[in-house]
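The values are calculated or read from the model by the stated rules, or taken from the named source; none is laboratory data. As the structure is a prediction and not an experimental result, all values here were calculated from the model. Cβ coordinates were reconstructed from backbone atoms using ideal geometry, including for glycine residues, and neighbour counts include every protein chain displayed. Accessible surface areas use protein heavy atoms only, side chains included; no ligands, DNA or RNA. Shrake-Rupley method; radii C 1.70, N 1.55, O 1.52, S 1.80 Å.
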Amino acid sequence: MGLFDLIVDHSEEQPTPRRKNLEFEPLSTTALILEDRPPNLPAKSVEEAMRHKQEYDEMVAGARRRELKEAQKKRRQMKERFKQEDSIANAMVIWNNDVLPNWDCMRNTRRVRELWWQGLPPSVRGRVWSLAIGNELNITPELFEIFLSRAKERWKSFSETSSENEIEDSGSLQTDRESSLDLIKLDISRTFPSLFIFQKGGPYHDLLRSVLGAYTCYRPDVGYVQGMSFIAAVLILNLEEAEAFIAFANLLNKPCQMAFFRVDHDLMLKYFAAFEVFFEENLPRLFNHFQINNLTPDLYLIDWIFTLYSKSLPLDVACRVWDVFCRDGEECLFRTGLGILRLYQEVLLQMDFIHMAQFLTRLPDDMAADNLFSCITATQMLSSNRKWGQVFSALMKDGSKEIANHSPAPRS
């Protein structure tokens, strides 16, 4: 037979299919431990077989322990969930039947304050916020419609002219910041982007745009400032459109919010100085670490205060903070800041300036409300027998020296 014949014969051969050893088909890799070896391999010794059986039993026991642990965890979570639901249901009854109908005489009682601290039931949250914020500005739904119409006219004018120069010229006038209306659409898209409800096409996009636009025309001396969209969005999630506008305008009219949104540097410095008094009192080690690294409050507090923590904290945690803020006022904002620093004190003590600044401007997404509020509870707003209001008032009267020692000018 020639070479050509060999090649042809080889090419015509069909590949022999691989035969399975039907006597050795373990159902899983762990079953290999219990299986005897195939006949063509040496058999296991008695010691090896016993060792393999012991290893298998340990693996099965470990798997059962993990399953049991997971089942126990799920039962605990379910039990805690039922407990929370019962607590919310009971609290809702108290708020609806006892507190809200008798708001003026009940709001400052010890019972209500303790109930308030535990977090408001979502079904009454908006109404309680609205009552607590108040309406000192005497804004009516009709007034909201008037300024909303004005905002719509300005937006229409912007779209028709589409003149950037005209917008820049109007923006240069200090007494008229209605031109900042054009900035609103840019900021709305960055408001709670993970929820997909405030972006264009979302169910709350137009509502948020309306509230912000109406406010910009209502307070042209303030205009629209970046960060306002988060505050308005939280209110819209809990109130009807006109009610959200009324609460929004009154909330921003509070001294602390007005100082920050109007960028009143002198007043902001006094807030920072007061904050650092209580920072040093409560967390001296971390305070000294910040001082050594020249990490000043303006690097992290401004963003927290601007958005009332709604951008910095998980939304459910931020709403709990808002609950107490509506109860306690501006002191709560700075106490919450100290609570956050206390919660992450050990982590921050290991960081340098850059990493601390990055950490505080992007807090962990998995922060639990109970953990934060435990730290807030542990934070005492008392310095040399002076409360927050007394410390801040003293700084307002003659705080130049203390301010100079504590805080630099806010960074722009």
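At a glance:
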read-out: Residues of the range 379-388 satisfying the condition of being in contact with a helix residue (DSSP H, G or I) (Cβ under 9 Å, 6 or more places away or on another chain), farther than 14 Å from residue 273 by Cβ and free of Cβ contacts under 8 Å to residues at least 60 places away in the same chain; value: 384, 387
read-out: Scope the range 146-204; condition of a type in the set (Val, Ile, Thr), modelled with pLDDT under 90 and in a helix (DSSP H, G or I); matching residues; value: 161, 167
read-out: Cross-chain or 6+ apart pairs with Cβ under 7 Å, the range 312-340 first and of a type in the set (S, T, N, Q), then in a helix (DSSP H, G or I) and open to solvent by less than 20 Å² (accessible area, probe 1.4 Å); value: 312/304; 336/321; 336/376
read-out: The range 71-130, residues that are touching a Cys at 6+ places or on another chain (Cβ under 6 Å) and not hydrophobic (A, V, I, L, M, F, W, C); value: none
read-out: Matching residues in the range 253-283 - criterion: being without any contact (Cβ under 8 Å) to a residue 40 or more places away in the chain, open to solvent by 10 Å² or more (accessible area, probe 1.4 Å) and either in the same structural domain as residue 193 (by the TED database) or part of a helix (DSSP H, G or I) (or both); value: 258, 266, 267, 280
read-out: Top-ranked residue in the range 205-252 [being outside any helix (DSSP H, G or I) and farther than 18 Å from residue 139 by Cα; ranked as farthest from the chain's Cα centre (by Cα)]; value: 224
read-out: Residue that is farthest from residue 265 (Cα to Cα), among those in the range 284-309 that are without any contact (Cβ under 8 Å) to a residue 60 or more places away in the chain and in contact with a helix residue (DSSP H, G or I) (Cβ under 7 Å, 6 or more places away or on another chain); value: 287
read-out: Where residue 229 falls short, out of the listed (1) of a type in the set (Gly, Ala, Ser); (2) in contact with a Gly (Cβ under 7 Å, 6 or more places away or on another chain); (3) closer than 30 Å to residue 122 by Cβ; value: (2)
read-out: Filter pass, residue 308 being closer than 17 Å to residue 260 by Cα and crowded, with 20+ Cβ neighbours inside 10 Å; value: yes
read-out: Residue in the range 61-82 that is touching a helix residue (DSSP H, G or I) at 6+ places or on another chain (Cβ under 9 Å) and either under 23 Å from residue 128 (Cβ atoms) or of a type in the set (Lys, Arg) (or both) present; value: no
read-out: Flag if residue 50 is among the hydrophobic types (A, V, I, L, M, F, W, C), assigned to a helix (DSSP H, G or I) and touching a Ser or Thr at 6+ places or on another chain (Cβ under 7 Å); value: no
read-out: Residues of the range 119-145 classified as exposed (fewer than 15 other Cβ atoms within 10 Å of the Cβ) and not in a helix (DSSP H, G or I), total; value: 6
read-out: Helices (runs of 4 or more DSSP H) contained in the range 310-352 and holding at least 2 residues at pLDDT 95 or above and closer than 22 Å to residue 271 by Cα; value: 315-328, 330-343
read-out: Residue satisfying condition, being surrounded by 14 or more Cβ atoms within 10 Å (Cβ to Cβ) and not assigned by the TED database to the domain that holds residue 327, within set 112, 93; value: 112
read-out: Test: residue 349 is assigned by the TED database to the domain that holds residue 258 and exposed (fewer than 15 other Cβ atoms within 10 Å of the Cβ); value: yes
